[in-house]
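Chemist: Quick one: this structure, given as structure tokens, is what I'll be asking you about.
Coordinate-derived values only; no laboratory data. Computed from a prediction, not measured in an experiment: that's the story for all the values here. A quick note on method: Cβ atoms are made from the backbone with ideal geometry, for glycine too, and the neighbour counts reach across all protein chains shown.
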Amino acid sequence: MSELLIKNAVVCDPLNNINCEKMDLSVKDGKIVESVSSAAKLIDAGGKLTMAGGFDGHTHCAGKINVGRFMSPHDMRMNPIPGLSGKVAPTATTRAQVGYNTPNTFAIGYRYSKLGYTTITEAAIPILAARHTHEEFESIPILDKLGLTLFSSNWQVMEYIRDNEPDKLAAYVAWALRSSRGYGIKIVNPGGGEAWGWAKNVSGLDDPVPNFDVTPAQILLALAEANEKLNLPHSIHIHCNNLGKPGNYETTIASMKLLENVKTSRDRQAVHVTHVQFNAYAGTGWRDFETGAPMVADYINGANHLTFDLGMAMFGPAMTMTADGPLEYANSRLLHAKWSNQDVELEEASGVVPVTYSSKNFVNAVQWAIGQELALLVKDPWKVMFTTDSPNGGTFVNYPEAYTLLMSAKKRAEIIEGLPELAIGRMALPGIDRELDLYELAIMTRAIQSKMYGMATKGNLGVGADADIAIYDINPDSIDTSVEHEAVKKAFSGTAYTIKSGEIIVKDGEIAATPEGKTYWVNATVPKATEDAMMVNLVQKFKRYYSVNMANYMVEDAYLPHPVEIKTEAI
Amino acid sequence: MQIVTLSLKEQNIVPIEADTITPDNFAGKSTDEIEAILVYYGNSQASIGELFNVSVDGSDSVENTKIIFDGNVPRVKRIGQGMSAGEIEINGNVDMHCGSNMTGGKITINGNADSWVGCEMKGGEIVVNGNGGYYVGGGYRGEACGMAGGKITINGNVRDFLGEHLCGGEIIVNGDAGLLPGISNSGGTIIIEGNTTMVASEMKAGTVVVKGNVAEMMPAFREEGTEEFHGVTFRKFTGDVNVGGKGVLLVK
Amino acid sequence: MAVITDAICSLCGSLCDDITVTVEDNKITSVERACILGRNKFVGMFLHDRIESPMIRKNGELVDVSYEEAIEEAGKILANSKRTLSYGWCSTSCEAISKAIQLAEETKSLFDSTANVCHGPSALAVQEKGGPAATLGVVKNRADLMVFWGCNPAHAHPRHMSRYSPFSTGSFRQKGRKDTKMVVIDVRKTDTAKLADKYVQLEPGTDYLYLSAIRSAVNGHEDVIPDKVAGVPKEDIIEVANMLKDAKFSCIFYGMGVTQSRSKYKNGDMVSSLISDLNQHSKSVMIGMRGHYNVTGFGQVATWETGFPMAIDFTRGTAYYNPGETGANDVLTRGDVDAAIIAAADAGAHFPQDSIKYLAKIPVIQIDPYANPTTEVADVVFPAAVVGVEAEGTAYRMDGISLRMKKLIDTKFKTDEEITSDLIQKVREIKRGA
């Protein structure tokens, strides 16, 4: 039984409507409690900014990132942000660290912790390769993890949609989540992965998937329906078609509109649209490329069925990795960059390509602006999740830099001044003077995640919540975040304390302990008769088309040493 | 002028990594100070004084500092790594990565240089009076650029992958070169006096001249008449066509 | 009697997962569906060369000692070394590999896999150009053209062709072999080549030139191709290039004939570029025919834990990677290390003479179920359980799909993972004592 009393914390806890107020926090056995005994260990926060542990709701941290690492020995020696990148020798507490965009598993755990993050979401788990994802999860110290399972070009899914079998579809989704120990439904470029099986792509929501006679729109609608039928804690999580292409903002808005009438089974969004920066492009080609963020933001401001995340692009080297196979191939040809690809039988495609966002390149400069425009033009912060789609738009150690861009118009103006004239004319950012405050930042970096993932014990500091706490070395009462952006960046780059499940894991920016984190997954049950009927079809798939036996397909318990099973029942 | 003379007290087997041995690090320092500088020796560190006899003559700026290795140092890596000025003379064979990442100054090796000599160098000059190993002027694994500036002269032969991923600078080999010299050249110049094979594959830009025989030409170059180079007429090829290359390859 | 279905064969990189094993009195009495190589592993293991006890070399002879004594001796070797080579770890589980990495990190050792004498160049190629690949089931379902280059699955991966490639059937290949063209490119007409629709014979060491010529043809630059490249007439080169372009889905399976021939990793690098060029026309992927059943897993685990797939040098504390400098044979032929630990691989049988001669001069720790040529040069020997038969754990198939190997029978031997954990503890103990 361990107790902790944090005194004089200035707490920003939007889920509990606490707007940076001075208070004490009591911690017992890893949870926030009303009070503790006098034997509790005392931490004097001294008026420092205190938030729930950060929650990255969309990052690539396990599985596909290993493809990126494998092809990038050069990344392992990059050290643009000392303390949060590059090679670091092991200590008595920590293992050896390497890398920047594709750091090793240990570095991922330590560096997220230093930024005050305690929970991360792997954004793409192919079912067949899920075992690998969980092996890497196990190797990432400290953090709690959850992962989204891919259903974008899955044969079983597309056939059930084509054959109009919504119950069997839901049964299959439940089985696949259980098989992959996933938390929710991820859909990447719906249908595009199957087309990529023939080196082709789908061109939009209504372009039928070759050989399957279904459209991306049908895939989205049917999986949204299955999601609600299974009463899943998260909504469908979508990466829209046509990502990365000029003019794609129309596809993005159309995809959002398509899902307006989804009836949700829980009090949450009907759809989460991810890394919208990459899907908010206007123009007809790269020559007349310009921001589409104002149009997308306009639509979102009038909608109340969705959340989205930014996918901000940060200047410097990055590593793109996505289940959007055809996009990555196109990137590699455009950029003359190295290209890895991994198509997964009956399920998915994927690709990995290194990129550099250069402030001198007009397209990159506009991309840099678009992510920020989305954050600032959408009025309600409870619709906006902060991400860089790490490491696609930039690796997570750039988050402190990204926060300060959103919090300081002055800082933005200084950077915009140095951008190409052509780029400035194609972005909306120079005309935006909104600056996020710490409360809004707390919403976008931990509170909205708690709501959109249905994880009441995460992203807040109310009684009963997990004692995942970040204390940053700035005083909200005295700091002017719009001017003192350097101090803000420094504070967010290394916490005074990060506390995970009640244990101090970072102190004064250095790792103090490395416990193992938990893995959250969703076990949805459907009526047995429906499952049995579905299994008849699935068994055939394994017999005829998979290269592994069904018995060896599902992730075994051995790969989740600290599981947290969330049970739901089909409606 | 400051002259620092080093000789190994005893021939080592496990390699010494001596990236601290540069004029930049030695200039203005006394014998004692230089002896105290640490190098890696296997999985621990040792001082220069423990491993080398050190004598220092004079004290001067980096530009006017010369380091002389008296005898072979075939198990001492990374000598002169990152140096910006001054001079190093090695009177014998030297281990890998000599002069890697250097930006200025001069290294003369009166013996053979093991692989990665002048790796990723950006300026300055390296002269090897014996043979070079693999990846002369090459790059680190996975990098897009090897050597980007400066000049390397090898008076003997070199092994495979000469100037891999060259992005600038000049390499002259007075002997023969092994497999695939000038592979993925993106803008540097390579002159090979002797024989070689499979030259300039995937060259995007730059120039490669082979004065001896090319045993096997890459089937990815287009012949475009002749060109004079240093008063001699060569057959001119451009390519590599498979990377849309605009490089020039001159062969006999 | 127990019948275990869906067992995984831990022999080659095909990692067949459909084996039925019958166990009676803790002995495997029947094995169904495995090939002859796999069958031998399952049932032959007690019939040959098991190491029965920990051993230490005393006065030139290996003598039986207690496990504790062997750990003590091995710990001393590791703690006293200025630079140790830790090599092998490919015929074992990912869990053991992870432990071995921790041991290498704590002892500031070099850490390398059998890829050093096998598919290591494939990793270097990926680092140059990327690896455009697919899982084996994708090929099984889609590929109407399969190319086997410098590999001979008929002998090395006996069930590959029936499970995953030309003789399998799939969704868009209902007629199997009839729906697929098969091309073999090799320096000699192997038994695999005899099954092919087209066989291309290359002059030894010319793969790189031939690949470049194929690319020139695929990319519309036929004019630059001379009349003959790599001993192959120009018309023939163009024919193969057209087969690749015209296929709906092609896969190039490549083996050690590509990775270990004259231009080494630059061959794989060129295959990767060819695949990229081909995707301008139609779908194409490449898959390496990995040998040891978990050499792929070594690459995966090492990459996520250290950042690099092989040839990792912790000598200076942090991980440094430079094959050519930090590979097992690089340091052995130069004599750059003063101790070695060799586990779950037989360096004695597969290394060049110079390397073995050097191993004989330095203290060597061996962890292996079987006595083999490495035992001849070992100073401390640990017998280990056979992973995939006597111990469970994770392995990666050649296409990067991981599977869980089952424990089929009980054993008195410790696992690689347990032995390595004990070594870590011992080294810590010695260092703390010092």
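Chemist: So what J values fall out for the range B:213-222 if you push phi through Karplus, 6.51 cos²θ - 1.76 cosθ + 1.60 with θ = phi - 60°, rounded to Hz, Gly and Pro as x?
Modeler: For the range B:213-222, the Karplus-derived couplings read 8, 9, 5, 9, 7, 5, x, 8, 10, 9 Hz, x marking Gly and Pro.
Chemist: Determine the distance separating the Cα centre of the range C:360-400 from the Cα centre of the range B:176-252; give it in Å without decimals.
Modeler: About 48 Å separates the Cα centre of the range C:360-400 from the one of the range B:176-252.
Chemist: Quick one: angle between helix C:234-246 and the longest Cα principal axis of chain C, in degrees between 0 and 90, rounded to 10, please.
Modeler: 80 degrees
Chemist: Related question: When C:Leu103, A:Leu334, B:Leu179, C:Leu211 are ordered from fewest to most other Cβ atoms inside 10 Å of their Cβ, what list results?
Modeler: Fewest-to-most ranking of C:Leu103, A:Leu334, B:Leu179, C:Leu211: A:Leu334, C:Leu103, B:Leu179, C:Leu211.
Chemist: Right, next: With a 10 Å cut-off between alpha carbons and a GNM built on chain B, which of B:Val39, B:Val232, B:Val14 moves the most?
Modeler: B:Val232
Chemist: Along the positive direction of the dipole of the protein assembly as shown (beta-carbon charges: Lys, Arg +1; Asp, Glu -1; about the Cα centre), which of A:Gln277, A:Gly431, A:Gly192 reaches farthest?
Modeler: The residue sitting farthest along the positive end of the dipole is A:Gly192.
Chemist: Can you give the relative contact order of the range B:161-230 as a percent, counting alpha carbon pairs under 8 Å and 6+ residues apart?
Modeler: Values: 176 pairs, mean separation 18.3, N = 70.
For the range B:161-230, the relative contact order is 26 percent.
Chemist: What residues qualify as long-range amide H neighbours of A:Thr388, i.e. H under 5 Å apart, gap of 5 or more or another chain, H built at 1.01 Å from N?
Modeler: Here the answer is A:Gly311, A:Met312, since their amide H atoms fall under 5 Å of that of A:Thr388.
Chemist: About the Cα centre, and with charges only on the beta carbon of Lys, Arg (+1) and Asp, Glu (-1), how big is the dipole of the range C:2-44? Nearest 20 debye, please. Before the final figure, lay out each step's value.
Modeler: Numbers: 4 positive and 6 negative charges, 41 e Å.
Charge dipole of the range C:2-44: 200 debye, to the nearest 20.
Chemist: I would also like to ask the following. Put +1 on the Cβ of every Lys and Arg and -1 on every Asp and Glu Cβ in chain C; which of C:Val117, C:Ile419, C:Tyr199 then has its Cα farthest towards the positive end of the dipole?
Modeler: Farthest towards the positive end: C:Tyr199.
Chemist: Now for a separate question. Going through the range A:208-311, which chymotrypsin sites (Phe, Trp or Tyr not before Pro) have at most 15 other Cβ atoms within 10 Å and a DSSP loop state?
Modeler: Qualifying residues, ordered by number: A:Trp286.
Chemist: Can you compute the helix-only [θ] at 222 nm over chain B? Use -39500 (n - 2.57) per DSSP H run of at least 4 residues, normalise by all residues, nearest 500 deg cm²/dmol.
Modeler: Numbers: 3 runs with 14 residues, N = 252.
That comes out to -1000 deg cm²/dmol.
Chemist: Calculate, in nm to one decimal, what A:Asp267 and A:Asn17 gain on full extension: separation in residues at 0.36 nm each, minus their alpha carbon distance. Spell out each step's value before the answer.
Modeler: Details: separation 250, 0.36 × 250 = 90.00 nm, distance 1.83 nm.
Length gained, A:Asp267 through A:Asn17: 88.2 nm.
Chemist: When Cβ neighbours within 10 Å are restricted to other protein chains, what is their mean count per residue of peptide A:96-102?
Modeler: On the way: counts 14, 4, 9, 4, 0, 0, 3.
Mean number of neighbouring Cβ atoms from other chains: 5.
Chemist: How far apart, in nm, are the 7 Å Cα→Cβ label points at A:Glu260 and C:Asn40?
Modeler: Placing both labels 7 Å beyond Cα along the Cβ direction yields 6.9 nm.
Chemist: Okay, moving on. Mean residue ellipticity at 222 nm from the helices of chain C, using -39,500 (n - 2.57) per DSSP H segment of n ≥ 4 over the full residue count, to the nearest 500 deg cm²/dmol?
Modeler: Numbers: 17 runs with 159 residues, N = 434.
That calculation yields -10500 deg cm²/dmol at 222 nm.
Chemist: Sticking with this one: Would you work out the relative contact order for chain A, in percent, from Cα pairs under 8 angstrom that are 6 or more residues apart? Walk me through the numbers before you get to the answer.
Modeler: Values: 1448 pairs, mean separation 115.6, N = 571.
Normalised by residue count, the contact order of chain A is 20 percent.
Chemist: Which value at 222 nm does chain A reach when only helices count, each DSSP H run of 4 or more adding -39,500 (n - 2.57), with the total divided by all residues and rounded to the nearest 500 deg cm²/dmol?
Modeler: Details: 19 runs with 177 residues, N = 571.
It comes out at -9000 deg cm²/dmol, rounded to the nearest 500.
Chemist: Going by C-beta contacts inside 10 Å, put C:Val3, A:Val214 in order with the fewest on the left. Can you show the working numbers first?
Modeler: Working: C:Val3 12, A:Val214 20.
By the 10 Å Cβ count, ascending: C:Val3, A:Val214.
Chemist: If you don't mind, another one. What residue among C:Gln174, C:Ile312, B:Thr238 has its Cα farthest toward the positive end of the dipole of the protein assembly as shown, where the charges are +1 on Lys, Arg and -1 on Asp, Glu, each on the Cβ?
Modeler: Checked the options; the winner is C:Gln174.
Chemist: Let me spell out the model: positive unit charges on the Cβ of Lys and Arg, negative unit charges on the Cβ of Asp and Glu, origin at the Cα centre of the range C:120-288. What dipole size does that give, in debye rounded to 20? Walk me through the numbers on the way to the answer.
Modeler: Numbers: 23 positive and 17 negative charges, 157 e Å.
The dipole magnitude comes to about 760 debye.
Chemist: What are the extents of the Cα atoms of the range B:18-166 along their three principal axes, in Å, largest first?
Modeler: Taking max minus min along each principal axis of the Cα atoms, the range B:18-166 gives 41, 31, 28 Å.
Chemist: Loop only by DSSP, 13 or fewer other Cβ within 10 Å of the Cβ. Give me the chymotrypsin sites (Phe, Trp or Tyr not before Pro) in the range C:23-113 that pass, ordered by residue number.
Modeler: Details: sites: C:Phe42, C:Phe46, C:Tyr67, C:Tyr87, C:Trp89, C:Phe111; in loops: C:Phe46, C:Trp89.
Loop-located and lightly packed - C:Phe46.
Chemist: Mind listing the long-range amide H neighbours of C:Tyr199? Cut-off is under 5 Å, sequence gap 5 or more, other chains count too, H placed in the peptide plane at 1.01 Å from N.
Modeler: Close amide H contacts, sequence-distant or interchain: C:Val184.
Chemist: Sort A:94-101, C:371-378 for me by packing, meaning the mean count of neighbouring Cβ atoms within 10 Å per residue, highest on top.
Modeler: Numbers: A:94-101: 26.0, C:371-378: 20.2.
Highest mean packing first, the order is A:94-101, C:371-378.
Chemist: Can you list residues whose amide H is under 5 Å from A:Leu306's amide H, if they're 5+ apart or on another chain and H is modeled 1.01 Å from N?
Modeler: Amide H neighbours of A:Leu306, under 5 Å, 5+ apart: A:Ala270.
Chemist: Loop sites only, by DSSP: take the trypsin sites (Lys or Arg not before Pro) in chain C that have at most 12 other C-beta atoms within 10 Å and name the longest stretch containing none of them. Kindly include the intermediate steps, with their values, before the conclusion.
Modeler: Numbers: sites that count: C:Lys175, C:Arg188, C:Lys189, C:Lys412.
The longest uninterrupted stretch comes out as C:190-411.
Chemist: Please work out the Kirkwood hydrodynamic radius for chain B, using every pair of different C-alpha atoms, and report it in angstroms with one decimal place.
Modeler: Working: mean 1/r = 0.0544 Å⁻¹.
Evaluated on chain B, it is 18.4 Å.
Chemist: Just to confirm the filter: which trypsin sites (Lys or Arg not before Pro) across the range A:300-400 are DSSP coil and have at most 15 other Cβ within 10 angstrom of their Cβ?
Modeler: Details: sites: A:Arg333, A:Lys338, A:Lys360, A:Lys379, A:Lys383; in loops: A:Lys338, A:Lys360, A:Lys379.
Those satisfying the criteria are A:Lys360, A:Lys379.
Chemist: Work out, step by step, the length gained on full extension between C:Ser171 and C:Tyr370: first 0.36 nm times the residue separation, then minus their alpha carbon distance; give nm to one decimal.
Modeler: Extra length available between C:Ser171 and C:Tyr370 comes to 67.4 nm.
Chemist: Using unit Cβ charges (K, R positive; D, E negative) and no other charged atoms, how large, in debye to the nearest 20, is the dipole of the protein assembly as shown about its Cα centre?
Modeler: Numbers: 119 positive and 151 negative charges, 391 e Å.
Using Cβ point charges on Lys, Arg, Asp and Glu, the protein assembly as shown gives about 1880 debye.
Chemist: Something else: Hey, how many Å between the Cα centroid of the range C:275-337 and the Cα centroid of the range A:212-268?
Modeler: Using only Cα atoms to place each centre, the spacing works out to 40 Å.
Chemist: Something else about it: Using only atoms on other chains, find how many Cβ atoms lie within 10 Å of each Cβ of peptide C:271-278 and report the average. Working shown, then result.
Modeler: Numbers: counts 0, 4, 5, 1, 2, 7, 3, 1.
Across the residues of C:271-278, the mean count of other-chain Cβ atoms within 10 Å is 3.
Chemist: Further, regarding this structure: May I ask you to sort C:Glu24, B:Glu202 by Cβ crowding, counting other Cβ atoms within 10 Å and putting the fewest first? Before the final figure, lay out the partial values.
Modeler: Working: C:Glu24 12, B:Glu202 27.
So the residues, fewest neighbours to most, are C:Glu24, B:Glu202.
Chemist: Compute the separation of the alpha-carbon centres of the range C:243-257 and the range C:94-115 and state it in Å as a whole number.
Modeler: 35 Å
Chemist: Determine the shape class of the range C:120-288: with a ≥ b ≥ c the square roots of the Cα gyration tensor eigenvalues, call it rounded for a/c under 1.5, and otherwise prolate if a/b is greater than b/c, oblate otherwise.
Modeler: Values: a/c = 1.37, a/b = 1.30, b/c = 1.06.
Rounded, since a/c falls under 1.5.
Chemist: When the Karplus curve 6.51 cos²θ - 1.76 cosθ + 1.60 is applied with θ = phi - 60°, which whole-Hz ³J(HN,Hα) does each residue of the range C:388-405 get, with x for Gly and Pro?
Modeler: Computed from phi, the couplings for the range C:388-405 are x, 10, 9, 9, 8, x, 9, 9, 10, 5, 4, 9, x, 8, 8, 9, 9, 7 Hz.
Chemist: Between C:Glu418 and C:Lys361, what FRET efficiency follows from the Cβ-Cβ distance if R0 is 35 Å, with the result rounded to 0.05? Intermediate values should be presented prior to the final figure.
Modeler: On the way: r = 30 Å, r/R0 = 0.85.
Working from the Cβ atoms, E equals 0.75.
Chemist: Which whole number gives the average count of other chain Cβ atoms within 10 Å of the Cβ atoms across peptide B:159-166? Numbers along the way, then the final one.
Modeler: Working: counts 0, 5, 5, 0, 0, 2, 1, 0.
Rounded to a whole number, the mean comes out at 2.
Chemist: If I take the Cα coordinates of chain A and project them onto the principal axes, what are the three extents in Å, biggest first?
Modeler: Principal-axis extents of the Cα atoms in chain A, largest first: 63, 59, 46 Å.
Chemist: Let me have the relative contact order for the range C:31-168, percent, based on Cα pairs under 8 Å that are six or more residues apart. Each step should come with its number before you reach the end.
Modeler: On the way: 85 pairs, mean separation 20.9, N = 138.
Rounded, it is 15 percent for the range C:31-168.
Chemist: With a ≥ b ≥ c the root eigenvalues of the C-alpha gyration tensor of the protein assembly as shown, is it rounded (a/c under 1.5), prolate (a/b larger than b/c) or oblate? The partial results should precede the final answer.
Modeler: Numbers: a/c = 1.27, a/b = 1.19, b/c = 1.07.
Cα axes put the protein assembly as shown in the rounded bin.
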